[in-house]
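So the structure is just underneath, and the comments pick up after that.
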Amino acid sequence: MSSKAGGFAGVVGAWLVASACGSSSPAGAGDDLALDASAATDSASDGAIGAWTASPPCTDAADAVYATQGLAAGPRGSIVRCALGDDLSVAEVQSELTSSGADGVTAQTGVRVVKLAYRTVRSDETPTVSTATVYLPAVPRTLPAPVVLVGRPTSGIADDCAPSKKPRPEPNLALPFAARGFVTITPDFAGLGNDGVHAYLDNHEAVSELFDGASALRALVPGDVVGAPLAAVGYSQGGGVVLSAQALEHATTGTRTLRAIAALAPEWPISVRSFGYEDVLRNPDRLTVAAGLAAPAVTVLRHYGFLTNRMGLAHGGDAFPATERATIVEAIESLCTVALGGSLNGRQPRLRDLVDPTFRQQVLACIDGGPGCVGTGAAFHHWMQSDYVTADPAGARVLIVQGLADQVMPAAGEAACDVAKLRAEGVEPTICADATATHDTVLECRIEDVVAWIEAVITGSPVPTCGSSSLPACTR
């Protein structure tokens, strides 16, 4: 079940009721969808293609991948650490898919797991290193091997929360595509698991690190056999990352090789009202537990990630009330998402306990256009505004997958508003709405539909249907 580790699932577990998946047209990924050879020719390759290997020359121990301090200087996408992991047979891959709820996806190849660390940049262009999990198919669909970039869900900021530190992270969006012959990479993003602090919900930073991960794949397997990224898929926080990748691909890479973007229950920062942020500021007396499953944790993680990276580690807690600062910082630095949410609900009972009053007033003054828009709050507000992105009408096609029973990223408050933004900016997304899926269950309910849709788009095949195309109106 995806509720074990992904997104904000289980922050207040008793509030979430497990549900069956809604009905849909059977659109599971079958055995006969082959990638046209021309689909992988967007690679930068000009020379002869070498022989494929799913066992690249990696010699580091798994734990060494996270020892990256002092290694950031160098070309973006270059690899600084690399460790080979499990080598899964086709039968083992199918078993993994079945156990994770992706039994509607048929494995066509065995898969090698690789953990690596590669050079990238922060949003201010400061060199840094991100760790990641890579899945290499034993038999790629074609050569150069096509790439699917994967945006991971929120896991927290504490180093032990890095998804790549798990043998196979849950929920696993990468393995279903690797099982179909794609090369996949799921970055942790800089500062999560290695030195530094993850810049939570920084659109520009996450996109740079995602595309630098594609470069790392080309460096990982010798012989110029890894091609261009043709698709990107993400869940929760990762859904927001891949929507930003659609918007920023050309500005970031100078190309448009992505053809398909799939965002499941996306957490995409597009306004001050995203994830209930403005409501947290305007309702300090409200009970933390009543503010929703995501808003308290999103608020503290985003404040801490911004202040630590832009103003230094000593200032990471400056947005928290002085009386609560040490407690909140300790929780952020030691707890993953579910436990962090529980800690905030129990130890900071009202929203005023999460945000320093001066910082709150400064940010609200910026939102309202008042004279008090100064100081640290103004710096944070300016960063939020500058980090919003504009969808690219010439970019990849977009699929939005949303459970209508989602209480973490509610359809009316998040996905419906994302769709309105995309349409206003010239992108008409395909919508797959599941009437009964929650934030916990939408991935396992719809992963086979997502795989089938992406395969169809990049091969030029008829696009399958998936659930309903209706979302509620945006309520922001």
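The values are calculated or read from the model by the stated rules, or taken from the named source; none is laboratory data. Remember, predicted model here, so these are calculated numbers, not experimental data. Virtual Cβ from ideal backbone geometry, glycine too; neighbours counted across all protein chains shown.
Residues in the range 53-70 that are over 22 Å from Thr128 (Cβ atoms) and crowded, with 17+ Cβ neighbours inside 10 Å: 2 in all.
Note on the range 91-105: among residues that are in contact (Cβ under 8 Å) with a residue 60 or more places away in the chain and hydrophobic (A, V, I, L, M, F, W, C), the one that is farthest from Ala452 (Cα to Cα) is Val93. Within the range 384-398, residues that are closer than 18 Å to Gly305 by Cβ have Cβ atoms under 8 Å from residues that are assigned to a loop (DSSP other than H, G, I, E, B) and small (Gly, Ala, Ser) in these pairs: Asp387/Ser123; Tyr388/Ser271, counting only partners at least 6 apart in sequence or on another chain.
Only one entry of Arg310, Arg286, Arg282, Arg259 meets the criterion of being out of contact with any Leu (no Cβ under 9 Å at 6 or more places or on another chain) and basic (Lys, Arg), and that entry is Arg310. Give the range 316-340 a look and list any residue that's in a loop (DSSP other than H, G, I, E, B) and out of contact with any helix residue (DSSP H, G or I) (no Cβ under 9 Å at 6 or more places or on another chain), or say none. If the condition is that a residue be in a loop (DSSP other than H, G, I, E, B) and out of contact with any helix residue (DSSP H, G or I) (no Cβ under 9 Å at 6 or more places or on another chain), then Ala322 is the only one that fits.
Scan the range 105-116 and tell me whether some residue there is within 30 Å of Arg310 (Cα to Cα) and at pLDDT 95 or above.
Step one: list which residues in the range 105-116 are within 30 Å of Arg310 (Cα to Cα), which gives 115-116.
Right, trim to at pLDDT 95 or above and you get 115-116.
Among the residues of the range 105-116, at least one is within 30 Å of Arg310 (Cα to Cα) and at pLDDT 95 or above, which makes the answer yes.
Considering (1) under 30 Å from Leu173 (Cβ atoms); (2) not assigned by TED's automatic domain parsing to the domain that holds Asn172, the lone condition that Leu313 does not fulfil carries the number (1).
Against the condition assigned to a loop (DSSP other than H, G, I, E, B), surrounded by fewer than 15 Cβ atoms within 10 Å (Cβ to Cβ) and at pLDDT below 95, how does Gly50 come out, does it pass?
Numbers: assigned to a loop (DSSP other than H, G, I, E, B): yes; surrounded by fewer than 15 Cβ atoms within 10 Å (Cβ to Cβ): yes; at pLDDT below 95: yes.
Yes: the conditions hold for Gly50.
To keep it simple, each residue is scored yes or no on (1) in contact with a helix residue (DSSP H, G or I) (Cβ under 9 Å, 6 or more places away or on another chain); (2) assigned by TED's automatic domain parsing to the domain that holds Ala433; (3) closer than 26 Å to Cys82 by Cα.
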residue	(1), (2), (3)
Pro222	no, yes, yes
Val233	yes, yes, yes
Ser244	yes, yes, no
Leu248	yes, yes, no
Gly254	no, yes, no
Val280	yes, no, no
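Screening Asp440 with (1) closer than 24 Å to Val389 by Cβ; (2) in a loop (DSSP other than H, G, I, E, B); (3) among the charged types (D, E, K, R) gives one miss only, at (1). Counting the residues of the range 408-437 that are in a loop (DSSP other than H, G, I, E, B) and closer than 19 Å to Pro153 by Cα gives 7.
The rows are residues; the columns are (1) touching a Lys or Arg at 6+ places or on another chain (Cβ under 9 Å); (2) assigned by TED's automatic domain parsing to the domain that holds Cys445; (3) not aliphatic (A, V, I, L, M).
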site: Ala64; (1), (2), (3): yes, yes, no
site: Leu71; (1), (2), (3): yes, yes, no
site: Gly74; (1), (2), (3): yes, yes, yes
site: Ser78; (1), (2), (3): yes, yes, yes
site: Gly85; (1), (2), (3): yes, yes, yes
site: Val93; (1), (2), (3): no, yes, no
site: Leu97; (1), (2), (3): no, yes, no
site: Gly104; (1), (2), (3): no, yes, yes
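A single member of Ala437, Ala420 is surrounded by fewer than 22 Cβ atoms within 10 Å (Cβ to Cβ), at pLDDT 95 or above and in contact with a Cys (Cβ under 8 Å, 6 or more places away or on another chain), and it is Ala420.
Count, please, the residues in the range 241-300 that happen to be assigned to a helix (DSSP H, G or I), more than 30 Å from Gly460 (Cα to Cα) and charged (D, E, K, R).
Here is the first cut: in the range 241-300, the residues assigned to a helix (DSSP H, G or I) are 241-253, 274-282, 288-290, 295-300.
Cutting the leftovers down to more than 30 Å from Gly460 (Cα to Cα) gives us 274-282, 288-290, 295-300.
From the residues that got through so far, the ones that are charged (D, E, K, R) too are 278-279, 282.
Qualifying residue count for the region: 3.
What's the number of the only condition in (1) closer than 27 Å to Leu97 by Cα; (2) touching a strand residue (DSSP E or B) at 6+ places or on another chain (Cβ under 7 Å) that Leu422 fails to meet? Failed condition: (1). Close Cβ contacts (under 7 Å, 6 or more residues apart or on different chains) running from residues in the range 335-362 that are assigned by TED's automatic domain parsing to the domain that holds Leu301 and without any contact (Cβ under 8 Å) to a residue 40 or more places away in the chain to residues that are part of a loop (DSSP other than H, G, I, E, B) and of a type in the set (Gly, Ala, Ser) comprise Asp356/Ala319; Gln361/Gly372; Gln362/Gly372. The lone criterion from (1) outside the structural domain of Val233 (by TED's automatic domain parsing); (2) touching a Ser or Thr at 6+ places or on another chain (Cβ under 8 Å); (3) modelled with pLDDT of 95 or more left unmet by Ile431 is number (1).
Assessment of the range 126-144 against the conditions (of a type in the set (Gly, Ala, Ser) and either in the same structural domain as Tyr304 (by TED's automatic domain parsing) or under 20 Å from the mean Cα position of the chain (by Cα) (or both)) yields at least one matching residue. Residue count for the range 106-131 satisfying the condition of being over 23 Å from Gly312 (Cβ atoms) and out of contact with any Gly (no Cβ under 8 Å at 6 or more places or on another chain): 5.
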